[in-house]
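The values are calculated or read from the model by the stated rules, or taken from the named source; none is laboratory data. Everything quoted here is computed from the prediction, not taken from an experiment. As a convention, Cβ positions derive from the backbone with ideal geometry for all residues, glycine included, and neighbour counts pool all protein chains shown.
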Amino acid sequence: MYEIVQDILDVRTLAQQVATEADGAIATFSGIVRGTNKGKKVLFLEYEAYSEMAIKMMARIGAEVKETWGLESLRMQHRVGRLNVGETSVVIVVTSPHREDAFAACQYAINRLKRIVPIWKKEVFEDGEVWVEGPVETAEVP
Amino acid sequence: MRLFAALREVKGVDTIDVELPLGTTVDGLWNQMLAEDERLERYSGAVSFAVNHDFVEKEALLEPDDEVAFLPPVSGG
């Protein structure tokens with residue numbers, strides 16, 4: 001259901017595994033490695049995860065999706081290690097009887113992942129490298 | 001203690017075992033790390049604290065065998 005993997009991600013395979021006869025919609029999200037950031041050419045990215053906690057936080061997002069939309073179909077996979085431009089870093093699938101909930105839950109899940117799931121990426125350029133830092137949580141514990 | 005991403009690279013290790021007095025908070029441990037290594041100063045105010053794979057407030061008390069992690073702002077996706 002929730003995985004940190006080294007292998008190539010395939011959103012179509014995952015989507016086919018999740019859908020049931022009760023579903024009328026599958027919403028999927030794939031995050032891919034962008035070739036430039038702030039005008040600089042990116043050679044590749046290095047992703048690192050605190051795997052045990054990442055899976056626990058993904059499960060928490062799954063519980064939130066169930067709480068809000070009554071859906072138990074959320075699946076999330078994030079890849080770690082070296083990823084080249086154009087490769088898929090994260091896939092999210094959620095199915096539901098109707099499209100509105102699937103779209104909403106899918107967007108919610110990627111937004112939450114980017115806030116509370118402990119995964120980091122380092123951008124490697126021709127002339128250096130930098131750990132990307134997301135926005136700092138100034139409020140209470142996320 | 002687990003370290004990740006930029007913090008792991010600064011310290012050069014991903015795991016550190018520490019012995020602490022009873023009553024030490026995660027914030028107390030972080031301040032101890034800061035006192036020992038000024039290169040960590042730029043992460044102060046940005047790190048989140050986790051104990052046993054859950055986010056905790058900085059006042060959380062550490063217990064024997066806890067796994068504490070200092071997390072730079074996450075950037076997955």
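Observations, loosely collected:
- Residue ID - nearest to A:T28 (Cα to Cα), chosen from residues in the stretch B:61-77 that are touching a residue at least 60 places away in the same chain (Cβ under 8 Å) and in a strand (DSSP E or B): B:L71
- Of all residues in the stretch A:52-67, those that are facing chain B (nearest Cβ under 9 Å) and within 16 Å of A:I110 (Cβ to Cβ) have Cβ atoms under 6 Å from Cβ atoms of residues that are surrounded by 17 or more Cβ atoms within 10 Å (Cβ to Cβ) and not basic (K, R), 6 or more apart or on another chain, in A:A54/A:I4; A:A54/A:V117; A:A54/A:P118; A:A54/A:I119; A:M57/A:I116; A:M57/A:V117.
- Looking only at the stretch A:19-55, and only at residues there that are within 11 Å of A:T95 (Cα to Cα) and crowded, with 17+ Cβ neighbours inside 10 Å, the one that is nearest to the chain's Cα centre (by Cα): A:T28
- Residue identified as at the interface with another protein chain (Cβ under 9 Å from one of its Cβ atoms), buried (at least 19 other Cβ atoms within 10 Å of the Cβ) and within 28 Å of A:Y47 (Cβ to Cβ) among B:V68, B:V74, B:V26: B:V74
- Qualifying position, being surrounded by fewer than 18 Cβ atoms within 10 Å (Cβ to Cβ), within 13 Å of chain A (Cβ to nearest Cβ) and in a helix (DSSP H, G or I), among B:R8, B:R42: B:R42
- Where a residue in the stretch B:38-60 is among the basic types (K, R) and its partner, wherever it lies, is buried (at least 17 other Cβ atoms within 10 Å of the Cβ) and modelled with pLDDT of 95 or more, with Cβ under 8 Å and at least six apart: B:K58/B:T25; B:K58/B:V26; B:K58/B:W30; B:K58/B:F49
- Qualifying residue in the stretch A:79-93 (condition: farther than 30 Å from B:R42 by Cα, away from every other protein chain (no Cβ under 14 Å) and surrounded by 23 or more Cβ atoms within 10 Å (Cβ to Cβ)): yes
- Scanning the stretch A:83-137 for residues that are touching a helix residue (DSSP H, G or I) at 6+ places or on another chain (Cβ under 6 Å) and under 20 Å from A:G39 (Cα atoms) yields a count of 1.
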